[in-house]
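Q: One structure, as structure tokens, below. Some questions next.
The values are calculated or read from the model by the stated rules, or taken from the named source; none is laboratory data. Not measured: the values here are computed from a predicted model. Ideal geometry is used to build each Cβ from the backbone, glycine not excepted, and the neighbour counts take in all protein chains shown.
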Amino acid sequence: MQVSPIAGMVHEPVAAQAQTRSADLDRAIWPERDAIDVHRAVLRSGNLLDPEREVGHVRRRSAAGDTFALDLRAPRTGDFVEWSMVVPPSEEGTRIELWVKQRYAERERMGGYLAYAVLVDDHELFEQDITDWQPRNSVWIALGASNEERRVRIRLRALRNCPDWNWGPAAAMTVERGRQEAWHGREDLRWGASSPYARGSEPVPTAVEPSAAEATPGEAAPAVPAAPEAPAIAASQGGAHDAGTWLRLDAARVRSGNLLDSAAVVEHARTTDPDGDSIALVSGGPRKGDHVDWSWSLQGGPGVRVELWLQQKYAEKPEVAGHLAYSVLVGDQVLFTQDVTAWQPRNTVWIAMGEDVADTTVTVRLEALRDCPDWKWGESSPITIERARAMRWSGSGTSWGASSPAALPAAQGAPAAAAPVARRRRWSR
């Protein structure tokens with residue numbers, strides 16, 4: 001599987017794009033009523049194998065989040081620093097969402113030295129090597145009703161004795177944002193993460209001694225990681241991967257129409273700027289089946305994994321759900337559908353397609369689920385593809401994941417709309 005055309009793939013994000021996705025904008029889409037003050041978490045450090053060993057750590061609180069690291073250039077096996085927050089008792093259950101960011105570049109040849117894990121009390125949900133995934137990892141954890149406090153922890157630890165390569169500063173972790181809301185599910189300890197390497201508490205492979213000529217962790221990471229000369233095996237996924245190629249978003253195809261009436265003419269709008277590539281329906285009151293698609297063509301061949309950062313601006317208002325939703329498709333197969341009112345933070349989506357998948361397309365579709373009242377739905381509900389990249393993959397078949405807990409698999413579909421109440425007739429954004 002290859003992305004075509006190759007000449008149109010290379011997209012080096014400009015500085016303005018990185019600046020636009022600042023902490024201020026992230027805060028603007030995070031409801032203050034649900035926000036967790038991540039700076040109030042407790043930090044501790046030590047050694048898992050030797051309780052008497054003293055291990056230093058550093059911490060920096062800022063508008064960008066709560067950053068912590070080992071204060072060691074060459075950590076020993078079992079050295080750790082741990083960030084933890086208390087979840088109060090709840091009669092109905094609690095869902096915690098955390099945005100976790102680590103700065104280390106995706107260099108698998110440097111893997112096997114440090115990893116971070118997310119735990120609830122003493123139960124480990126997953127562990128991930130710090131070299132696997134550099135974008136933000138959006139983690140959500142659903143906890144059932146409990147009369148006792150629970151503790152959510154993020155632990156950065158050394159997997160083996162590390163050479164003196166300034167690992168501490170190079171492997172700093174940041175908890176950027178957090179929020180807490182009611183959870184009405186019956187199950188306890190459900191979780192999800194946007195990183196495809198967060199695959200449960202599987203052991204992280206230990207490192208192979210690199211040659212002295214290889215780069216050390218103290219080096220600055222490039223803005224867009226370069227692909228290695230040959231793919232490397234990721235044990236947590238069972239497939240080959242590289243650092244990938246950022247896609248040129250404006251090279252994607254955008255079209256619109258009606259899924260129920262092929263003769264209908266449906267207008268759409270498209271805006272490409274440093275924030276990404278945005279698509280929207282023009283009509284304030286779209287009809288059932290009206291849609292606009294953003295599509296990338298893929299050619300059969302070596303496997304590929306595509307990652308998309310999706311952002312929609314509509315506020316989380318379940319009372320007006322069931323009118324518009326967006327879906328991600330591979331060919332004609334719908335992977336998931338999500339109501340535009342269900343989840344406002346960025347949705348990080350990954351799709352892995354093996355060598356056995358023929359020519360196909362990856363599509364982001366915004367669709368009207370029913371005839372909508374004229375509430376300016378078009379201008380209120382654009383979908384932005386902020387970033388996209390493709391990388392080699394050696395698995396088989398098609399698999400996917402998403403950071404949004406509202407990304408319902410195709411079999412479940414989007415919720416039906418409730419009949420609009422009178423007070424909503426003149427509502428607009």
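Q: In this structure, is residue 124 more than 17 Å from the chain's Cα centre (by Cα) and modelled with pLDDT under 90?
A: In short, no.
Q: Which numbered condition in (1) surrounded by fewer than 23 Cβ atoms within 10 Å (Cβ to Cβ); (2) among the hydrophobic types (A, V, I, L, M, F, W, C); (3) over 19 Å from residue 138 (Cβ atoms); (4) in contact (Cβ under 8 Å) with a residue 60 or more places away in the chain is the only one that residue 368 fails?
A: Residue 368 satisfies every listed condition except (1).
Q: For residues that are over 19 Å from residue 404 (Cβ atoms) and under 21 Å from the mean Cα position of the chain (by Cα), tally how many sit in the range 81-108.
A: Total satisfying the criteria: 8.
Q: Something else: Scan 175, 100, 120 and give me the residue that is in contact (Cβ under 8 Å) with a residue 40 or more places away in the chain, out of contact with any Leu (no Cβ under 7 Å at 6 or more places or on another chain) and closer than 24 Å to residue 189 by Cα.
A: None of the other options fit; the residue is 100.
Q: Further question on the same structure: Taking the range 245-271 as the search range and keeping residues that are of a type in the set (Ser, Thr, Tyr) and surrounded by 14 or more Cβ atoms within 10 Å (Cβ to Cβ), which one is farthest from residue 388 (Cα to Cα)?
A: So the residue we want is 256.
Q: Working only within the range 145-186, note down all residues that are buried (at least 18 other Cβ atoms within 10 Å of the Cβ), under 19 Å from residue 42 (Cβ atoms) and more than 23 Å from the chain's Cα centre (by Cα).
A: Residue satisfying the conditions is 150 alone.
Q: Any chance the range 282-304 includes a residue that's under 22 Å from residue 263 (Cα atoms), under 21 Å from the mean Cα position of the chain (by Cα) and among the hydrophobic types (A, V, I, L, M, F, W, C)?
A: yes
Q: Specify the residue that is farthest from residue 56 (Cα to Cα); the eligible residues are those in the range 75-97 that are hydrophobic (A, V, I, L, M, F, W, C) and surrounded by 23 or more Cβ atoms within 10 Å (Cβ to Cβ).
A: 83
Q: Additional query: Within the range 274-286, count every residue that is in contact with a strand residue (DSSP E or B) (Cβ under 6 Å, 6 or more places away or on another chain) and either more than 23 Å from residue 308 (Cα to Cα) or of a type in the set (Lys, Arg) (or both).
A: 2
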